[in-house]
Amino acid sequence: QRVDDIRGHRIDRLEAIRDLKVRQVENWIEERLGDGKIVAQSQEIENFIKSLESEQLTEFKQESANATRGLLDLYLDGFDSYDELFLLDRVSGNVLISTNRSDEGNLKADYPYFAETLEKRKTVLSDIYFSKTLLKPSMVVSTPIFDRNKKNKIIALLVARIDLENTIYELLQDRTGLGETGETLIVNKEGYALNELRW
């Protein structure tokens, strides 16, 4: 009976830790979705997208592009949760502007988050996947940018590539209450661990 009591107490404690971790991860997700919406509402970004479709001078378009790059750089410095911010063309999926200049012009239409964002018409959080750009696991928040004058028209997508090492992985590495061998894992639908294993 004493052994059963000890086992029951330990299980209750682990379940409490699990529930706390779930709430922390859910809060983290909500914060990331909120970040995407904040940046996507920028008037400068909308002006840049519209300048590409207009017949204005190339010099003006270049000035608008530089201003948008500078704005994304500022956001990237302000949000320490991200590795990269970039804008995607809603039709082709090409990277129009990025805080990682070498990524500009690359095609992202084949990535699931591109089609999912256009289909759902709202901010989406991708699954964790292996990034060919960063050569490490990555995850993105993809947000549609709507025309302010035509509320239903998506003019581009804003994508924020999340720095997993310094955000969600760091959160999972907090092993308070898990003893010397316990760890927290995030697994996908197939049961594969998506974060680095302790052992």
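The values are calculated or read from the model by the stated rules, or taken from the named source; none is laboratory data. Only a predicted model underlies this, so the values are computations on that prediction, with no experimental measurement involved. Virtual Cβ from ideal backbone geometry, glycine too; neighbours counted across all protein chains shown. Heavy atoms of the whole protein, side chains included, go into the accessibility calculation; ligands, DNA and RNA do not. Shrake-Rupley method; radii C 1.70, N 1.55, O 1.52, S 1.80 Å.
Residues considered: Ser126, Ser142. Of these, the only one that is of a type in the set (Gly, Ala, Ser), free of Cβ contacts under 8 Å to residues at least 60 places away in the same chain and touching a strand residue (DSSP E or B) at 6+ places or on another chain (Cβ under 8 Å) is Ser126.
Of the residues Leu96, Leu157, Leu87, which is part of a strand (DSSP E or B), open to solvent by 20 Å² or more (accessible area, probe 1.4 Å), in contact (Cβ under 8 Å) with a residue 60 or more places away in the chain and aliphatic (A, V, I, L, M)? Checking each option against the conditions leaves just Leu96.
Return the total of residues in region 116-153 being aromatic (Phe, Trp, Tyr) and surrounded by 12 or more Cβ atoms within 10 Å (Cβ to Cβ). Adding up the residues that qualify gives 2.
Of all residues in region 112-142, exactly one satisfies the criterion of being modelled with pLDDT under 85 and either at positive phi or of a type in the set (Asp, Glu) (or both), namely Leu135. Would it be correct to say that Gln41 is within 19 Å of the chain's Cα centre (by Cα) and either under 20 Å from Gly179 (Cβ atoms) or at pLDDT below 90 (or both)? Criteria met by Gln41. Which residue is farthest from the chain's Cα centre (by Cα), if the candidates are limited to region 124-156 and must be over 21 Å from Ser81 (Cβ atoms) and of a type outside the set (D, E, K, R)? By that ranking, first place goes to Asn149. Using the structure shown, decide if Asp80 is outside any helix (DSSP H, G or I) and closer than 25 Å to Lys122 by Cα. Answer is yes for this residue.
Scanning region 15-55 for residues that are open to solvent by less than 90 Å² (accessible area, probe 1.4 Å) and either in a loop (DSSP other than H, G, I, E, B) or over 30 Å from Val95 (Cβ atoms) (or both) yields a total of 10. Counting residues in region 166-184 that are in a strand (DSSP E or B), in contact with a helix residue (DSSP H, G or I) (Cβ under 7 Å, 6 or more places away or on another chain) and in contact (Cβ under 8 Å) with a residue 24 or more places away in the chain gives zero.
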